[in-house]
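What follows draws every value from the coordinates through simple rules; no lab data is involved. For clarity, every value in this text was computed on a predicted model and none was experimentally measured. With ideal geometry, Cβ positions are generated from the backbone for all residues, glycine too; neighbour counts draw on all protein chains shown.
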Amino acid sequence: MTRVVLVHGIAQETKGEESLLGAWYPALCDGLARAGAAPLDRADVSMAFWGHVFRPAGHRALGPPPLDAFDVEPGLEEELLLGWWEAAAAIERRVPGPEEPARLRTPRVVQRALNALSHSAFFAGVSESLMVHSARQVRRYFTEPDVRAAVQAEFAGRVTDRTELVVAHSLGSVVAYEALCAHPGWRDLTLITLGSPLGVRRLVFDRLLPTPHSDSARWPVPVKAWTNITDAGDAVALVKELAPAFGRRITDVSVHNGAQAHDVRPYLTARETGVAVAHALDRSRTSP
């Protein structure tokens, strides 16, 4: 029963609650320190871990084969990769854009996207297989009801009548938003979203439950305050301001995360995040 519930994003299935919390908790305290606030007790923070929902069962021999461009399913998986490519190319000079001719003749546009994304800050050092796997995980969340329900159940199981703050990163912000909408009877709490793709039309926004109406999304009843924090170079959080679609009560804040624009740790260590966390927990020692 903790005051702060953290919610991770995609591609964390081989980790767990404690290993993720071991990385997130010090960064969260660093952000509070930058804001001039006291650190949180570790016992007051918990991780809503849902990565295991996507962890496949063990296999004999060498296990499942790696994924490549030919394994990308048409529809959402393909659209996600192309969307990330376009966004990365618009932000980073070293990433060739879709309009530029490919240096190598590749059999599919998807392969060009994977080749280009390998040069991006977000996917630097990430294998082609893991890029495809990341897109697949998002697709499965939105298209497989049992997966969606299992993921949200892990989050809901962490929220209690003592929870005051939810801090959610990347796809975790989608999980938190949908679950908060589905539980209007929960106590009032504050939501902080980091690198959120919630506002991305067609790929995410239009797939949310409850379904947005007339370009406006429903406000999650338990949320008394919502701060959305993004880096201008974050290719996942393509829409930087959520207030126009989710409600003017949202405070949209910009931060600078350096080369790792989507990584959760620089988001957490940012002074702006620390201020939002301190304010949510009614801490009064924030610096002016």
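Provide the gained length on full extension for the span GLU99 to LEU130, in nm with one decimal, where the gain is 0.36 nm per separating residue minus the Cα-Cα distance.
On the way: separation 31, 0.36 × 31 = 11.16 nm, distance 2.47 nm.
Contour length minus the Cα-Cα distance gives 8.7 nm.
Between TRP219 and VAL109, the modelled labels are 3.9 nm apart [label points 7 Å from Cα along Cα→Cβ]. Report which label in [x] 22.5; [y] 19.5; [z] 20.8 holds the value of Kirkwood radius over Cα pairs in Å derived from the coordinates of this structure. Evaluating Kirkwood radius over Cα pairs in Å on these atoms matches [y]. Taking 0.36 nm per residue of sequence separation and removing the Cα-Cα distance, the ALA90/ARG202 pair yields an extension gain of 38.4 nm. Distance between the pseudo-spin-label points of THR211 and HIS256 (7 Å out from Cα toward the beta carbon): 4.3 nm.
Remark: the stretch 226-240, residue by residue, has Karplus-estimated 3J(HN,Hα) of 9, 10, 10, 10, 9, 9, 4, x, 7, 6, 7, 7, 5, 9, 7 Hz, where x stands for each Gly or Pro and the curve is 6.51 cos²θ - 1.76 cosθ + 1.60 at θ = phi - 60°. Under 5 Å between amide hydrogens, built in the peptide plane, is the criterion, and for VAL255 it picks out THR230, ASP231, ALA232 among residues at least 5 positions away or on other chains. Between the amide H of ASP263 and any residue lying 5 or more places away or on another chain, no distance stays under 5 Å, with hydrogens modeled in the peptide plane. Helical content of the chain, expressed as a calculated mean residue ellipticity at 222 nm, amounts to -11000 deg cm²/dmol (DSSP H runs of 4 or more residues, -39,500 (n - 2.57) each, divided by residue number, nearest 500). In sequence order, the stretch 256-270 has phi-based couplings of 10, 9, x, 5, 9, 5, 9, 4, 5, 5, x, 4, 5, 7, 5 Hz under the Karplus curve 6.51 cos²θ - 1.76 cosθ + 1.60, θ = phi - 60°, and Gly or Pro positions carry x. By the combined test of axial Cα extent (at least 20 Å) and Kyte-Doolittle hydropathy (mean at least -1.0), the qualifying DSSP H helices of the chain come to 17-34, 76-91, 128-143.
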